[in-house]
Each structure stands twice: as C-alpha cells, then as structure tokens.
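The values are calculated or read from the model by the stated rules, or taken from the named source; none is laboratory data. The structure displayed is predicted, hence computed values, not measured ones. Here Cβ is always computed from backbone atoms with ideal geometry, including for glycine, and neighbour counts include all displayed protein chains.
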Amino acid sequence: MLTEWLLTFHYFMWYLLIAVAILFFVSGLDDLFYDVYYWIRSLYRVWKTRKYQPLTYEKLAAVAEQHIAVLTPCWNEADVIEKMLRHNVYGLDYQQYTLFVGVYPNDPETVLAVQAAAADNSHIHCVLGDQPGPTNKAHNLNTIYQHVKQHEQQTGIRYEIFVLHDSEDSIHPLSFKLYNYLLPRKNMIQIPVFPSEVSLWSFTHWIYADEFSEIHTKDIIVRESIHGLVPSAGVGTAFSRATMDMLIETNDGVPFAGLTLTEDYSTALQICVKNLKQIFVTQFIMREQWRKRWHYFGKPVLKKVKEFVATRSLFPTTYMKAVRQKARWITGISIQEWFHIGWSGGFWVRYTLLHDRKVIFTHLINVLGYIVFLFWVVYSLAIYHYPQYPSLQERLNQDHWVWYLIIACTVIMAERMVQKIIAVWRVYGAAPALLSIPRTVYANVLNMHALLRAYYGYLFHPKAKGGRRWDKTEHEFPFGYALTPKRKLGELLMEEQLLTADQLNYALNKQMQDGQQLGKVLIEQGYLEQAELTQFLAQQYELPIQAKTEMTVLSAKQLPEISTKNYALLLKNYSYPIAVNRKHHQVTVAIEDPANHLLVTTVIHALYPYQVKFALSV
C-alpha cells in the first residue's frame, strides 16, 4: 500500500520539478550560447586564418628578451617549493627572468627550502615578509612586488613583464617567450592551465581536468571574442608593466586588492572594466614525450604529441580538500566580487559576470534535479498497482508544456555532456574523456557541498567578507618523483666547447620544429656522439655511469620486501637493481634515460619501502 508520505510529497515534488526544469533550462541556454558561438567562431577562424603563417619558435626567439619577474606566494610549502623551483629553472627556455618567492618568518621550513634553491641559482630570490603568516595571498603578492621594486633600484634592472605562478606549477618551457612576444602590445595574457595526468580512478582530481579542459579550450575563447571578462587563473597570467602601474593607482599603492579570497579574478576584472587588452592564448608545439604505449597502459615510450603551451599543476586529490578550494573560489568569485564590485562594465562584461555568478544557484539545482528524478522513479514504482493515485504521466498529459520543457532540458544536458567529452578528449585523450560521464554526478555533489560551505563561511564568519584569511590548499608538485637535472645540456656542451652558440640555437630551433629530444637532434646533426651524450647526461643529472657488461643485477631473493610482480616490472622496463644498502634501506637502480619521469616514478613505487638511488646504464 502506498505510504502516506509519498502522497503528501506528490504535489510538492511536482512543483519542484517544474521549478528545477525552468531554472535548468535558463542556465542551459546560457551554456548553449557558449557552445554554439564557439563552433561557429571555430569554423570562421579556419577560413579566415587559412593563409596566416603560424607562430614559430624562430619568431618567438627573434624578439629580444625583456626582464620578467615571476611572483610566487608561499605559505607552508616546504614539501613542494624546492622541487618546483629546481624543475622550472632547469626547463625554462628563457634567460632574463627572476623567480621571486614570498615566504613568512614563521614558516622556517619553507624559508630554508627556498633559500637552498636560491643558493644554487641566481634566477631565484627568497622574499622574506615582515609579518607572520598566513596573511592573505594578495598581501603576500604585494610584499613580493615591493621587493621587486627594491631589487630594481639595487641592480638597475627594469622588469617589463610580471607573471603569477604558484608553488605546485610546472611552467611550460616556452611560456615566457610567448609573453615576451606579445607584451607590451597586450595588457594581460592568460595561457591555459591544465591539471596534470594522474590515475584514471582519482575522480576528485579529474573533475578539475573536466572543468579546466572545457573552460580553457572553449569558454574563455568565447569570452575574449565577445569582449567579456577574461579571468585570470592566478597562474600562467602575465601583466605588462603599464598594467601593474594602473593597478597600483586603482588599489591605493599596491597592485593586488585584498578585499576578496580570489585576488586573481579581481585583478582581471579591474583590467577588463578599464577596457585594457586582455587575451587568452592557445598555442601548440610538437614535442617528444614519454607516454604509456597504449594511453594509460603498457611501457613508457617516446611519442610525438601536440602539446599546449600551458601550465600544468596537481589539484586536490581528496574530497574535502577539493570542497575547501572550490568553496573559496565560489566565495571570492561569485559572492565577494558581487558585493565589492557589483555589475561593472558593458553588456558583455556583465553577461560573463552573470555566467560566473550563477553557480551560487546552479550547483544546488543540479543536485535537486537528482533528488526530483529519484523521487518520481520511486513514486511511479510505488503506485504501479494503485491506479487511483495520480501518476506523473497524468500530470504531464494535463500540462504538455512541462513535458516539452523536460525534453528540452534532456537535449541540453546531452549536448553539454558531448561538449565536455570533446574538451577532455582534446587535452587528455579518449579514456579520460569517456570517464567524464560518470564523474559528472560526483562533481555535482562535490560542487553542491562546496557551495553550502561557501554560504556558511560567508554568512557566519564575518572575516571572510573582507578576504583577510588565506584559506589555502595543500599542494603537491606533479614531478615530485622525477630526477631533476642540475644543468642544461646545451650549457654543459658550450662550456666544454663542443658546441657553438649558433649550433645550439640551430639545434633548439630544430627541436621545436620536429619535437625531438635535444640529444637526438645533436646526434643527428653530427654535433655529438652517443657516447659523449651519455657522459654529459650523467654529468647533467649527477649520476654514476654503470656499464651493462659489468653490471651485476640483484635477484628477487636479494630484495625480499619487493613482490615478484614488482621485481618483474623493473626488468620489463629495463631498470636493473644493482646494489642494496640494507643499513640505509636503499637500492641503486640503473636506468637508460633519467628524463623518463614515468619510468622513474614506476621504479620508486615498485621498490617501496626502499629508497632509490639511480645510475645511468650504458
């Protein structure tokens, strides 16, 4: 017999269904506009740019380097910041830059980590703040900026470009050349930001990949085209010096306003409202990278891939960390900016602000949609043998427009899912794209939790209204397990007079054109022999060389704590355990390519709980 509560809720859930469907349809029309506009624009761009010459490495390298100041705020980042600094300093294809890292006096571990990296490289400067932390991110950035100005007075260097990056970022080697090419003709440049690839089953991290894939390959392109707000992601954002001067005048002598928890978004909005030139740049290059043979399976192999010039980062991998971060974004972007800035700018700027701020309703609507759907499924099953009770079908027969509205919402939902799959496929490939379908439900639940946390924090914690608290996320660095080279290969070869500057520039140009590793290019051009390359790789990574003919490989019995499966995995990947130090619980492994970060990570995981030292096998 039908329980009384089902009948009681029948009428309430019917009107809730109508309300949710109307709101979903209105929000869906907004998203549909972005999708339709993007594809029409894409077809138009294919025709319009058919005769344009592509932007090449030669064009980027031909522009004289301007001095770039990279502002990196830090609080409690001792575990990642040194790895980040060493990795990026090695990889950047640029010379005239300085990484200014802002730290706090009451965070000694982070201070020591930054100072250790700075001691080895003149591109890194440790900026010790005058206040204990954490303040907020805007205050940290402003402190760094003041130090940059003092540094200019002391050295006579004038920084023309200012770039924002965080302590978990892997900076693209060509990003600085791209900023240098476009500034100061533009005021603000944002390049794509994509989460690093992790296990396919790390759903929390991948929901960020789903969102950023769509936002940074479609949505922001549309926003720029319609002259709306191009938001800053807080990383991979570059400003001209003139823009920084304008921000200082606007914000009472400092470039970054501390009124919200999202100073990056606020900064971009100030630039937009003043009608300065904001652009979002999507640039590709061909690069040879280590990838699994069959996407996420098989041994690592070198593949030529079409790569975005983009910042890569590790985002939260656990549910509550993601809720905290997203709640901070919702509070800053959708609530605090509404309170402090209002609805500034022209029609298209206000429209993009509406697109950003609607999340304070839509995250809740999405989950309410699931609840309404489940209710009507349960209700329909419950009254199946009781025709005297009103059914959903009877309701829909009486109000045909509701049925048509549901069909329209279903079509929009399917279209949105297709657009998400295309976007994720564009960046990560087929498997992550298809798994974005089940991740959608998880993402909606997480986003609603974040929205409720944002409501609670804003309404019941008055300090949040002023943006004074740095509600930061704990970070990991995406290449934490990779071996970090100490010197650049080209620099070592020129130091030994085995390569001239012209030969190195030619090899670098060819590397960017063909996507090959620099060592391969040097050998193909006859500048270097394989044996010489091996010697310099060992010097570059500070690794001992182990000849295969003289190598004694440890047997599985000599590593009793390692499973037979993991031991076989090592040999399958041509990674040979050659020595064990039981006192320090350490194993030495000979590998062929120290740049193969996938292999290095595999070896470290396979040999856990041993610590791993590496040697270069020849």
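Residue check: is Val427 closer than 30 Å to Ser167 by Cα, among the β-branched types (Val, Ile, Thr) and modelled with pLDDT of 90 or more? The answer is yes for Val427. Just name the residue that is nearest to the chain's Cα centre (by Cα) out of those in the stretch 395-432 that are free of Cβ contacts under 8 Å to residues at least 24 places away in the same chain and under 22 Å from Trp201 (Cβ atoms). Per the stated criteria, the residue is Trp425.
In the stretch 502-519, which residue that is within 34 Å of the chain's Cα centre (by Cα) and without any contact (Cβ under 8 Å) to a residue 60 or more places away in the chain is surrounded by the most Cβ atoms within 10 Å (Cβ to Cβ)? Within the stretch 502-519, the match that is surrounded by the most Cβ atoms within 10 Å (Cβ to Cβ) is Ala507.
Being touching a residue at least 12 places away in the same chain (Cβ under 8 Å) and under 30 Å from Thr362 (Cα atoms) narrows it down to one of Asp35, Asp79, so name that one.
Values: Asp79 fails: under 30 Å from Thr362 (Cα atoms).
Every option except Asp35 fails the conditions.
Residues are listed down the side, and each one gets a yes or a no for (1) at pLDDT 95 or above; (2) surrounded by fewer than 21 Cβ atoms within 10 Å (Cβ to Cβ):
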position: Tyr179; (1), (2): yes, no
position: Pro184; (1), (2): no, yes
position: Ala209; (1), (2): yes, no
position: Glu224; (1), (2): yes, yes
position: Val230; (1), (2): yes, no
position: Ala238; (1), (2): yes, no
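What tally of residues in the stretch 82-98 results from selecting those that are without any contact (Cβ under 8 Å) to a residue 40 or more places away in the chain, in contact with a strand residue (DSSP E or B) (Cβ under 7 Å, 6 or more places away or on another chain) and not β-branched (Val, Ile, Thr)?
Residues of the stretch 82-98 without any contact (Cβ under 8 Å) to a residue 40 or more places away in the chain: 82, 85, 89, 95-96.
With in contact with a strand residue (DSSP E or B) (Cβ under 7 Å, 6 or more places away or on another chain) added as a condition, the list becomes 85, 89, 96.
Those left that are additionally not β-branched (Val, Ile, Thr): 85, 96.
Residues meeting the conditions: 2.
The residue pairs whose first member lies in the stretch 570-584 and is at pLDDT 85 or above, whose second member is surrounded by fewer than 16 Cβ atoms within 10 Å (Cβ to Cβ) and not in a strand (DSSP E or B), and whose beta carbons are closer than 7 Å, counting only pairs six or more residues apart or on different chains, are Tyr576/Met551; Tyr576/Val553; Pro577/Val553; Ile578/Met551; Ile578/Thr552; Ile578/Val553; Val580/Gln558. For the stretch 128-161, the candidate set comprises residues that are polar (S, T, N, Q) and not in a helix (DSSP H, G or I); within that set, the residue that is nearest to the chain's Cα centre (by Cα) is Asn136.
Checking each residue in the stretch 520-535 for being part of a loop (DSSP other than H, G, I, E, B) and either out of contact with any helix residue (DSSP H, G or I) (no Cβ under 6 Å at 6 or more places or on another chain) or crowded, with 19+ Cβ neighbours inside 10 Å (or both) picks out Gln525, Gly526, Leu528, Glu529.
Applying the condition of being charged (D, E, K, R) and part of a loop (DSSP other than H, G, I, E, B) to the stretch 162-176 and asking which residue is nearest to Leu60 (Cα to Cα) yields Asp166.
When the strands (runs of 3 or more DSSP E) confined to the stretch 536-618 are screened for residues that are surrounded by 12 or more Cβ atoms within 10 Å (Cβ to Cβ), in contact with a strand residue (DSSP E or B) (Cβ under 6 Å, 6 or more places away or on another chain) and not aliphatic (A, V, I, L, M), those reaching at least 3 such residues are found at 611-617. Could you list, in sequence order, the residues of the stretch 232-249 that are over 18 Å from Ile144 (Cα atoms) and touching a helix residue (DSSP H, G or I) at 6+ places or on another chain (Cβ under 6 Å)? Once the filter is applied, which keeps residues that are over 18 Å from Ile144 (Cα atoms) and touching a helix residue (DSSP H, G or I) at 6+ places or on another chain (Cβ under 6 Å), the stretch 232-249 yields only Ser232.
Just checking, does the stretch 413-421 include any residue being part of a helix (DSSP H, G or I), exposed (fewer than 13 other Cβ atoms within 10 Å of the Cβ) and assigned by TED's automatic domain parsing to the domain that holds Glu197?
yes
Is the stretch 112-122 home to any residue that is buried (at least 16 other Cβ atoms within 10 Å of the Cβ) and touching a Phe, Trp or Tyr at 6+ places or on another chain (Cβ under 9 Å)? No; the residues of the stretch 112-122 include none that is buried (at least 16 other Cβ atoms within 10 Å of the Cβ) and touching a Phe, Trp or Tyr at 6+ places or on another chain (Cβ under 9 Å). Of all residues in the stretch 590-618, those that are outside the structural domain of Ser199 (by TED's automatic domain parsing) and farther than 16 Å from Leu569 by Cβ have Cβ atoms under 6 Å from Cβ atoms of residues that are in a helix (DSSP H, G or I) and not basic (Lys, Arg), 6 or more apart or on another chain, in Pro594/Tyr541; Leu616/Ala538; Val618/Thr534.
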